[in-house]
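Data block below; observations after.
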Amino acid sequence: MSEGIMQANQSNSQQMLTAGGTKRTTSFTPLDGLNQTSLPSENKQSANSAKEHDQKRTKVKHNGTNKARQVRKRNADETVLDAVEILLQRIWRSSHEGASISEPPKEFGWVAGDMQSEAAFCRAPPVPAKLAGDDVSKCEFEAYIHELTERGHGIATLEDLEDLNKLVSGGGRPWIFVVPFVLKGEKVKIRTVRHEWGYTQSDLLTVLDAAPSRIEAPCQYFGKCSGCQLQHIRYQDQLVFKREMVERAFINANPIFAKLNIATVSQSPLPYGYRTKLTPHFDIQKSIPPEQVAIGFNIVGQRRVLDIEDCIIGTDAVRQGAVKVRQETKAKMVEYKRGATLLVRETNVSPNDPNGDVVGVPAAELVKDFILDPKSWVTDVVEDKKFRFPASSFFQNNASILPSFTGYVRDELQKWGRQIAALRGSGELKYLIDAYCGSGLFGIACHSGFEKVMGIEISNESISCANNNARMNGVNNCDFILGDATKIFEKVETSADHTAVIIDPPRKGSSPEFLDQLVAYGPRVIVYIACGVPAQAQDINYMFSQGALVIDGQKASDTTSVPASVYRIVSIQPFDLFPQTYHVENIVILVRED
């Protein structure tokens, strides 16, 4: 941020650009949403408050290359700030040819990590007078959408693209409005809701100029229910958005990852009617009569429940189950003293006996049904394999895409096994280790072609399910054992030269300890499956920072460690397991360099 802008921001008299690009002067008091505990006042206090907000965002340095966040669930502030930084840097660099992508322009102050500038900017932001002085929840504006966050929210300013380019190219900063259910390039009317640190949350009132990819959402609850975020976007454009979000996650972890080739997102065969599990819930309040209690999902941005009679992303069986559980629950609502979460899950049953044993029934002959009891057992079918597990436990909830999902992993393992054997003149991959194996999905689906498959999981129940699933499917080369995945390689006796490892950690990602021992063991092939792509990107960056990963022939320049193994990324393939939402699953294949 330039000195002139800094001086203006530190004063109550603001020089601002309106949407038309003309300057005006206004005076205002601190924003409602930034109370005295969050508003820095003087130098020392300003530095401390800025430091607190910096710690909240948990920015850290990895090898001096770029910011990298701690491995955990990212909060809304982080996703907004990342999108703002991408927007402003794109505009700035378009008018400053030759600027390095790894060096954020100093003109952006707090975007570049200058916390004093951030504090000054947020104390006296360049907002219109009525937004500063009036009730923030009553202000309406016309705004322009320039970028989307990884959660699908729009990054808006009061400036159109031309005026925003002028402002940013001159070293200035706009005030940001975050708006749900919008698309890049749209002009919209918004109502402000509350102020956050560096931006204002807003609601969408009207779309004035719609983007070409906007469609009418088929769900009557869309825009109110928090379950889906992308129903207003054509499905093919959802896939483009999700690929961009995967790319953003990796570049955010380290700019060198811009050299990686990320494949087109593999689409779900069913954009709707795919979800095999729903968990509607309700709250009990004394002021609400039992017959009026809402059963459904949270309202967007609130903790109140929206009453939902039908969820169209559920499978036919799940939707039938949801109707039944609503009826049963409402009939006995007077008996509930507190709220509860309900369960509706699709299962596969014998066509002749819905309550009978499915072990001896071919997978192709099973029929769909639903269960409502969390203590019941579910039978799911992936390709020609059957998997049984408790209804309350985790299993992927989009059965329509699972055959291509597991098939991709199996095909990649076989392909790289053949290529490695051809290059080295030795045997193909013989052993497969399935870390975080759960009920055995990947180990069993990929067992063919391996002499031995070993899975590990920390849950006794999951290990029992995995071994039972192997026996039920006639798979004799799988052995699933109880243990901590972070210590799995202490017991591995197979040759790393002939071993592949699948890791599918929780959304928060893996740990440095696990990654260190994985690299120390040095399997030929690593398949990293992730539902939390930002955490996956941070794990990959950790490997790079330790010298265990080569990107386009380049290693981390300042690493002092000498890793036991060095890998290269041969493919990054996202899968859309969650259509109509911002979530995406991602598979990274790494092959050891020799």
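In this rough spin-label picture, where each label sits 7 Å from Cα along the Cβ direction, the W377-T264 distance is 4.2 nm. For the stretch 399-492, applying the loop criterion from DSSP together with a ceiling of 14 other beta carbons within 10 Å to the GluC sites (Glu not before Pro) yields E451. The HN-Hα couplings worked out from phi for the stretch 384-397 by the Karplus form 6.51 cos²θ - 1.76 cosθ + 1.60 (θ = phi - 60°) are 9, 9, 9, 10, 10, 7, x, 4, 7, 8, 7, 7, 4, 9 Hz, whole numbers, x standing for Gly and Pro. Amide H contacts for T379 (H built 1.01 Å from N in the peptide plane; partners 5 or more residues away or on another chain; cut-off under 5 Å): N348.
Annotation: amide H-H contacts under 5 Å for T200 (H modelled 1.01 Å from N, sequence separation of 5 or more, or interchain): I176, F177, V178. Computed log10 I(q)/I(0) for the stretch 468-549 at 0.21, 0.26 Å⁻¹: -1.09, -1.38, from the Debye equation with unit scatterers placed on every C-alpha and solvent omitted.
The ranking of C478, C219 by Cβ neighbour count inside 10 Å, starting from the fewest, reads C219, C478.
All of the numbers you see were taken from the coordinates with simple rules; none came from a lab. Quick caveat, the model's predicted, so the values are computed rather than measured. Cβ: placed from backbone, ideal geometry, glycine included. Neighbour counts: every protein chain shown.
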